[in-house]
Amino acid sequence: MIAYLRTVFPNATTEFDVSGLTCAPLRLSVERMLDQPEFVLIWARVWEAEATRSLATLARELCPHARILVWGDAPLFMPQYFQREPFDAAVIGGDPEIVISDYIQSVVKSDSPGHGLCFKADSGWKKTALGRVLDPHHWPFPAQDVIPFNDYQTARENRGKPTDDLSFDVSRGCPGGCEWCVEPLKGGRVGRWRPAIDTVAYMLNGAGPYQQFQCHGPIFTGNRTWIEEFVTAIRQAGSVVPFKAVSLVNHLSDERLVSDLASVGMQAIGFGIETLTADSSQRRLTPKVVERRLEQVAELLHRYGVEPKAYTQIGLKGQNRDDVLYTHRVCLDLGFTVRPTGATPFHLLRHMTVDQLDQLDLTRWDRKSFFDESCGLSLSDFYRMIVSPGTFFDSVARAA
Ligand code: SF4
């Protein structure tokens, strides 16, 4: 986003606070607001919505002429929450870089905003046409000066993540349609890929102080032609570039795919298991995962030295305690690194009124802490599972 805004508005002064990452004091945001910016753009996840409202209220007070816009997961899941004072606009679709830059241009020209927004008009809140998407040739790469590496590293260590990853968008959009997931809202329901040649050229420049690239996108292996171009381009450069990505687990039972990607530097691959179904006579709770292929996936990834990371959810609709325990036992036995989260039903927020949303404690809607007792675990067991599934199961085994 930042790199894109700099390109479109080369003469504008753009200043950024990454307060969520670095826990920067509010004073820094206050200083920026006292400089009377023309626009205040706030990126927010659902659990940050209340804080976003407070920050926007402060902005309205300190820089009353600024247009205040919010973008990110929060307005995608619950746009109605932001259709009130002190906000001027919220991004509800399309690629945010082009939606926001076009919004700024429309304000400068005193035009109505054209796409991807709900916005405040004289006659009340309105919606524009659907958001436009950017040509993947123009997807920005990260502006590395915005987050000093030391700040990033401290935040990463505080989150218990093992590696320093330079994340950049490789693909956007997903046809998966999982109701809780933000990807289809964020990138649309059709997969789009940055040209492989641009992707590889960027990666061959090196990751600087970072250990590896995170090739960000919902289903990295969703376009086999792209994968072939990507692998070929790295091989032609005679190089190996460490990276990790996320994909669908079923794709990873293809040996050629795994061996090709491992040969050019893939270190780890994440995939959503969500939940398995303990009772095999029942309909699968996660249709996108074919359980009988997991053993083959595990064998291939281990053989080619790629770390398998299984994303699981605790508290999904229809899931019971047996399903939760079975899922994690299977994943651990297969040697997967397991990354559990609370099953956060973000899709329910869209249908709530603003009053109902205000009654919720939205700060709870964080995937690492969203607990619903119907999952059958105690709060203590839930957190033990989230923090360290392997240790949790060891203690269960010892107690048995
Ligand atoms: S969970 Fe995965 S497959 Fe489902 S919509 Fe999100 S990115 Fe797509």
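In terms of Cα to Cα distance under 27 Å, which lysines are near enough to K317, apart from those fewer than 8 places away along the same chain?
Partners found: K186, K288, K309, K368.
Could you point to the residue in S281, F220, L301 farthest towards the positive end of the chain's charge dipole, with +1 and -1 charges on the Cβ of Lys/Arg and Asp/Glu respectively?
S281
If the chain between K317 and E373 were fully stretched, how many nm would it gain, using 0.36 nm times the residue separation less the Cα-Cα distance? Please list the in-between numbers first.
Numbers: separation 56, 0.36 × 56 = 20.16 nm, distance 1.19 nm.
Working it through step by step, the gained length comes to 19.0 nm.
With +1 on the Cβ of every Lys and Arg and -1 on the Cβ of every Asp and Glu, and nothing else charged, how large is the dipole of the chain about its Cα centre, in debye rounded to the nearest 20? Mind dumping the intermediate values first?
Details: 42 positive and 48 negative charges, 120 e Å.
Around 580 debye, computed over the chain.
Using 1/(1 + (r/R0)^6) with R0 = 30 angstrom and r between the beta carbons of A121 and T225, what's the FRET efficiency to the nearest 0.05?
Working: r = 44 Å, r/R0 = 1.47.
Efficiency, rounded to the nearest 0.05: 0.10.
Where a ≥ b ≥ c are the square roots of the eigenvalues of the C-alpha gyration tensor, would you call segment 303-354 rounded, which needs a/c under 1.5, or, failing that, prolate if a/b is larger than b/c, or oblate?
Numbers: a/c = 4.93, a/b = 1.98, b/c = 2.49.
Here segment 303-354 falls in the oblate category.
Once Rh for segment 38-183 is found with the Kirkwood sum over Cα pairs, what is the Stokes-Einstein diffusion coefficient at 25 °C and 0.890 mPa s, in µm²/s?
Working: Rh = 16.8 Å.
Diffusion coefficient, whole number: 146 µm²/s.
Run the dipole for segment 2-127 about the Cα centre, Lys and Arg Cβ at +1, Asp and Glu Cβ at -1, nothing else charged, and hand back the magnitude in debye, nearest 20. Intermediate values should be presented prior to the final figure.
Working: 12 positive and 16 negative charges, 41 e Å.
In total the dipole reaches around 200 debye.
Remind me, what semi-axes does segment 277-321 give for its equivalent ellipsoid, largest first in whole Å, using sqrt of 5 times each Cα gyration tensor eigenvalue? List each step's numbers first, then the result.
Details: eigenvalues 121, 34, 11 Å².
Largest first, segment 277-321 gives 25, 13, 7 Å.
Can you tell which of F230, V182, Q211 lies farthest toward the positive end of the dipole of segment 136-399, using +1 and -1 charges on the Cβ of basic and acidic side chains (Lys, Arg; Asp, Glu)?
The residue sitting most towards the positive pole is F230.
Can you tell me the order of 91-99, 215-223 when each peptide is scored by its average per-residue count of other Cβ atoms within 10 angstrom, highest first?
Working: 91-99: 23.4, 215-223: 21.8.
The packing order, highest mean first, is 91-99, 215-223.
Run the numbers on segment 136-399 and let me know its relative contact order in percent, using alpha-carbon pairs under 8 Å that are six or more apart.
Details: 399 pairs, mean separation 34.3, N = 264.
That works out to 13 percent.
I'd like the antiparallel share, as a percent to the nearest 5, of DSSP beta bridges with both residues in segment 2-127. Mind dumping the intermediate values first?
Numbers: 7 of 14 bridges.
Looking only at bridges with both residues in segment 2-127, the antiparallel portion is about 50 percent.
For segment 222-353, what does the relative contact order come out to in percent, with C-alpha contacts under 8 Å and a separation of six or more? If you can, show how the numbers build up before the last one.
Values: 184 pairs, mean separation 30.9, N = 132.
So the answer I get is 23 percent.
When a/c is below 1.5 the answer is rounded, else prolate if a/b is larger than b/c, else oblate, so apply that to segment 74-127 with a ≥ b ≥ c taken from the square roots of the Cα gyration tensor eigenvalues. Write out the running numbers ahead of the final one.
Values: a/c = 2.12, a/b = 1.14, b/c = 1.85.
Oblate.
For K109, give me every one of the lysines with a C-alpha distance below 18 angstrom, ignoring sequence neighbours fewer than eight places off in its own chain.
Excluding near neighbours in sequence, the set is K120.
For a label point 7 angstrom out from the Cα of E85 toward its Cβ, which stretches of segment 53-70 have the backbone nitrogen within less than 16 Å?
Counting only backbone N, you get 53-68.
Taking the chain as a Gaussian network, Cα atoms linked when under 10 Å apart, which of P148, P175, P64 shows the biggest mean-square fluctuation?
Highest fluctuation among the options: P148.
Quickly estimate the mean residue ellipticity at 222 nm for the chain, helices only: each DSSP H run with n ≥ 4 gives -39500 (n - 2.57), and the total goes over all residues, rounded to 500. Write down the numbers at each step before the final one.
Values: 16 runs with 147 residues, N = 400.
Value at 222 nm, helices only, nearest 500: -10500 deg cm²/dmol.
Quote the relative contact order of segment 1-133 in percent (integer), defining contacts as alpha-carbon pairs under 8 Å separated by 6+ residues. Could you put the intermediate results ahead of the total?
Working: 200 pairs, mean separation 23.9, N = 133.
Dividing the mean separation by the residue count of segment 1-133 yields 18 percent.
If you wrap the chain's Cα atoms in a convex hull and average its projection over all directions, what's the area in nm²? Let's see the in-between values first.
On the way: hull surface 83.4 nm².
Orientation-averaged projected area of the Cα hull: 20.8 nm².
Would you list, by chain and number, the aspartates and glutamates whose Cα falls below 14 Å from the Cα of K127, excluding same-chain residues fewer than 8 positions away?
D88
Quick one: if you stick a label point 7 Å off each Cα along the C-beta vector at T7 and N205, how many nm between them?
The answer from the label model is 1.1 nm.
Put +1 on the Cβ of every Lys and Arg and -1 on every Asp and Glu Cβ in the chain; which of F77, L261, T128 then has its Cα farthest towards the positive end of the dipole?
L261
If you average the C-alpha positions of segment 357-400 and of segment 56-99 separately, how far apart do those two centres end up, in angstrom?
32
When DSSP assigns beta bridges and you keep just the ones with both residues in the chain, what percent turn out antiparallel, to the nearest 5? Show your work: numbers first, answer last.
Working: 9 of 41 bridges.
Roughly 20 percent of the DSSP beta bridges within the chain come out antiparallel.
FYI, it's all coordinate maths here, none of it is from the lab. This one's a predicted model, so the numbers in the text were calculated from it and none came from an experiment. Positions of Cβ are backbone-derived with ideal geometry, glycine not excepted, and every protein chain shown enters the neighbour counts.
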